[in-house]
């Protein structure tokens, strides 16, 4: 069963949060909480809050044990960007973009989690399989039906 928690409109750039979420993806919840607790980044505190919320959702709403939970997904999306002006020389101004993030963490009690590398390898294998030529009999049959060019004299 899957349980999720979303932190919306976090006042931090998604680029900064993704560094932390990449580290915890695929880890058991206890290990993920340890990783986040000892990270010195501001984003780690926000991810920690979201992760604890997801664990609480699992306990209260889905009656799941915390021991068997694993971080299936930790995704960061872009929220709305606030535009601000900063005064510059000669009466001009430049735009400052204050970015926000939406942090989504999905926990699951299933053991097998497919990592990004495994997913890409499976896609490559499927692509190779579909691009292989058909059986030799089919290829020979296709060749024999083609009209032949007449030789010039």
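The values are calculated or read from the model by the stated rules, or taken from the named source; none is laboratory data. Not measured: the values here are computed from a predicted model. Here the Cβ is made from the backbone with ideal geometry for all residues, glycine too, and neighbour counts use every protein chain on show.
Could you please let me know if residue 75 is in a strand (DSSP E or B) and either in contact with a helix residue (DSSP H, G or I) (Cβ under 9 Å, 6 or more places away or on another chain) or touching a residue at least 60 places away in the same chain (Cβ under 8 Å) (or both)?
yes
Considering only the stretch 3-16, how many residues are closer than 22 Å to residue 57 by Cα and in contact with a helix residue (DSSP H, G or I) (Cβ under 9 Å, 6 or more places away or on another chain)?
Qualifying residue count for the region: 6.
Need the failing condition index for residue 94 against (1) closer than 20 Å to residue 8 by Cβ; (2) surrounded by fewer than 13 Cβ atoms within 10 Å (Cβ to Cβ); (3) more than 21 Å from the chain's Cα centre (by Cα), just the number.
Evaluating residue 94 over (1) closer than 20 Å to residue 8 by Cβ; (2) surrounded by fewer than 13 Cβ atoms within 10 Å (Cβ to Cβ); (3) more than 21 Å from the chain's Cα centre (by Cα) leaves (1) as the failure.
Tell me which residues, restricted to the stretch 29-43, are crowded, with 21+ Cβ neighbours inside 10 Å and farther than 26 Å from residue 118 by Cα.
Across the stretch 29-43, the qualifying residue is only 43.
Residues that are at pLDDT 70 or above and in contact with a helix residue (DSSP H, G or I) (Cβ under 9 Å, 6 or more places away or on another chain), at least 2 per element: which strands (runs of 3 or more DSSP E) completely within the stretch 81-149 meet that?
Of the strands (runs of 3 or more DSSP E) lying wholly inside the stretch 81-149, those with at least 2 residues that are at pLDDT 70 or above and in contact with a helix residue (DSSP H, G or I) (Cβ under 9 Å, 6 or more places away or on another chain) span 101-108.
Is at least one residue of the stretch 28-51 closer than 10 Å to residue 107 by Cβ, in contact (Cβ under 8 Å) with a residue 12 or more places away in the chain and out of contact with any strand residue (DSSP E or B) (no Cβ under 9 Å at 6 or more places or on another chain)?
no
So is residue 64 touching a strand residue (DSSP E or B) at 6+ places or on another chain (Cβ under 9 Å), modelled with pLDDT of 95 or more and not in a strand (DSSP E or B) or not?
So residue 64 does not fit the description; no.
Taking the condition in a helix (DSSP H, G or I), surrounded by 13 or more Cβ atoms within 10 Å (Cβ to Cβ), at pLDDT 95 or above and touching a helix residue (DSSP H, G or I) at 6+ places or on another chain (Cβ under 6 Å), does residue 47 pass?
Yes: the conditions hold for residue 47.
Please indicate, with yes or no, whether at least one residue in the stretch 5-28 is part of a loop (DSSP other than H, G, I, E, B) and surrounded by fewer than 14 Cβ atoms within 10 Å (Cβ to Cβ).
Checking the stretch 5-28: at least one residue is part of a loop (DSSP other than H, G, I, E, B) and surrounded by fewer than 14 Cβ atoms within 10 Å (Cβ to Cβ).
Of the numbered conditions (1) surrounded by fewer than 14 Cβ atoms within 10 Å (Cβ to Cβ); (2) in contact with a strand residue (DSSP E or B) (Cβ under 6 Å, 6 or more places away or on another chain), residue 58 fails exactly one; give the number of that condition.
The one condition residue 58 does not meet is (1).
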